[in-house]
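Contents: one structure, followed by commentary.
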Amino acid sequence: MGFREDFLWGGAVAAHQCEGAWQEGGKGISCSDVETAGDNVTGAPRRLTDGVIEGEDYPNHVGVDFYHRYKEDIALMAEMGFKAFRTSIAWTRIFPRGDEDTPNEEGLKFYDDLFDECHKYGIEPVITLSHFEMPWALAKEYGGFRNRAAIDMFVKFAKVCFERYQHKVKYWMTFNEINNQADISQHNLIQEGAILLKEGDDAEYLMYLSAHHELVASALAVKAAHEINPDLQVGCMIGMNGVYPASPNPEDMMNALGAMHQKYWYVEVHARGHYPSHMLKKFERKGYDFITEEDKKILAEGKVDYIGFSYYMSFATKYQGRNAKTFDYSGEDFVRNTYLKASDWGWQIDPLGLRWCLNWFNDRFELPMMIVENGFGAYDKVEEDGTIDDQYRIDYFKAHIEAMRDAVDYDGVNLLGYTMWSPFDIVSASTGEYDKRYGFIYVNYNNAHEGDFARSKKKSFYWYKKVIETNGEEL
Ligand code: P53
């Protein structure tokens, strides 16, 4: 019973959300470098600007200064007993524009040092190749992943990383939350595919085209990794937030099924090596014919070794007649789930949903899994004596870890590890805020750009340390 002996307990971040140093070490401009800060209080969303514009607020330019402070952060994670640390390699540190022939040695060296620092404490780096930080030049000059040229650029980047770090990194993932773009928003299209929508663009078509090119690129990367070193394990990364029917009304049931189809077909391609039938039917109806015979072969040969996924919340959907027959997913059909409470950002808290998701994957693919993100974004209050009592965060993790343990004990899912989001406070991906905090480690910096980036331990820091010490027995 319980988690495996070598269970990978740890935490996860992404380069663009913590490193900062956006112009150091030869780094190029990434798509996240041209996204402004939003604000949950005023409701202001992040904006995408056409290049870096003077006077705009770009939180990813500074992040939480991890580029300069990673040794301190890794030491703190080691103190909690971390076995794994997930981060990403900023593509623009290795290939500043994406189209160069040779990689940037200074960028490669930075990650060598970072991974060495992890190993010093017996911490296994778990690495995402692309996490919302594609080169801006790829978006501007090549049209992002609408262009097949992006496939070659990504595979070149992946190969350089596998070759260089094969003895330091075993677990890899290709595209972070590749399925977020299912909502066809400009924000997700730029983060996930370097797609800048222009007038006259068919956004839905572009999303499918771009996702297809990414899936081909991912399969080629999986193949390349195994050729370079058969010990390497390459997974996909799915943003998994299950969709329930709002009621037992069969139409709501079908609406939930339709939403699951459309939000999660990506994992079918990654794990089975071919498209699910409902997606092929959709492409047929719409007249999309971008899947070549060669692509089919590549997809079949590049199946992932494990499923990495993030889990934060669940959704509920109500059929409202807008998608008769297809039951296509529409965000407008999503309704509040009255059984669940939500965070200050409206994310519905559903621990049992994590067990549901683990089973959903396990029933279909019978692959090893890694929960590579799960966490609670909240406003934290620093008391006068400097302490932070984040019991709400402990409550969130306790319930989710318990559900995940039940999935192991009762359902027999094959779980390799759990890297919570995020060990220290970082910039939020959806809102660009500092005040949406996830960490066990507090970072003294806020939305108003006040603070000195000093790190301090929250109550949850000591709690998680105990969880790891007891291999998840004591929650
Ligand atoms: P933030 C949407 C819904 C669920 C997870 O999110 C999501 C997103 C997109 O933001 O993203 C993942 O910071 C993502 C991380 C991100 C984290 O969840 O918006 O992989 O980069 O920071 C938390 O609160």
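The values are calculated or read from the model by the stated rules, or taken from the named source; none is laboratory data. Everything quoted here is computed from the prediction, not taken from an experiment. As a convention, Cβ positions derive from the backbone with ideal geometry for all residues, glycine included, and neighbour counts pool all protein chains shown.
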Filtering region 98-154 down to residues that are within 16 Å of the ligand (Cβ to nearest atom) and touching a strand residue (DSSP E or B) at 6+ places or on another chain (Cβ under 8 Å) yields Val126, Ile127, Thr128, Leu129, Ser130, His131, Glu133, Met134
*For Val443, indicate whether it is out of contact with any helix residue (DSSP H, G or I) (no Cβ under 7 Å at 6 or more places or on another chain), at pLDDT 95 or above and within 15 Å of the ligand (Cβ to nearest atom).*
yes
Pairing a residue in region 458-475 that is among the small types (Gly, Ala, Ser) with any residue that is surrounded by 17 or more Cβ atoms within 10 Å (Cβ to Cβ) and assigned to a loop (DSSP other than H, G, I, E, B), where Cβ atoms lie under 6 Å and the two sit 6 or more apart in sequence or on different chains, gives Ser460/Asp390; Ser460/Phe440; Gly472/Phe3
Flagged pairs (Cβ under 9 angstrom, 6 or more apart or on separate chains; first in region 82-96, in contact (Cβ under 8 Å) with a residue 40 or more places away in the chain and closer than 21 Å to Lys170 by Cβ; second of a type in the set (Val, Ile, Thr) and part of a helix (DSSP H, G or I)) are Phe82/Ile74; Phe82/Ile468; Lys83/Ile468; Phe85/Ile74; Ile94/Val160
Those residues of region 415-437 which are closer than 14 Å to Gly63 by Cβ and in contact with a Lys or Arg (Cβ under 8 Å, 6 or more places away or on another chain) amount to Phe424, Asp425, Ser428, Gly432
Checked pairs for region 179-198, first at negative phi, second more than 11 Å from the ligand (Cβ to nearest atom) and outside any helix (DSSP H, G or I), C-beta under 6 Å and 6 or more apart or across chains, list as Gln186/Leu197; Leu189/Ile195; Ile190/Leu48
task = Check region 391-401 and report whether any residue there is touching a Pro at 6+ places or on another chain (Cβ under 6 Å), at pLDDT 95 or above and within 16 Å of the ligand (Cβ to nearest atom).
result = yes
Exactly one of Leu206, Leu215 is more than 22 Å from Ala14 (Cα to Cα), away from the ligand (no atom under 16 Å from the Cβ), assigned to a helix (DSSP H, G or I) and not β-branched (Val, Ile, Thr), and that one is Leu206
Exactly one of Phe132, Phe145 is outside any helix (DSSP H, G or I) and farther than 22 Å from Asn229 by Cβ, and that residue is Phe132
Among the residues of region 1-37, the number that are in a loop (DSSP other than H, G, I, E, B), at pLDDT 95 or above and of a type outside the set (D, E, K, R) is 14
How many residues of region 40-59 are outside any loop (DSSP other than H, G, I, E, B), surrounded by fewer than 21 Cβ atoms within 10 Å (Cβ to Cβ) and within 21 Å of the chain's Cα centre (by Cα)? The answer is 1
Subset of region 308-352, residues outside any loop (DSSP other than H, G, I, E, B) and either at pLDDT below 95 or within 15 Å of the ligand (Cβ to nearest atom) (or both), comes to Gly308, Phe309, Ser310, Phe315, Gly331, Glu332, Phe334, Ala342, Gln348
Per the filter on region 182-198, residues charged (D, E, K, R) and surrounded by fewer than 16 Cβ atoms within 10 Å (Cβ to Cβ) are Asp183, Lys198
Practice prompt. Can you confirm whether region 9-19 contains a residue that is hydrophobic (A, V, I, L, M, F, W, C), more than 15 Å from the ligand (Cβ to nearest atom) and closer than 30 Å to Arg405 by Cβ?
Written response: yes
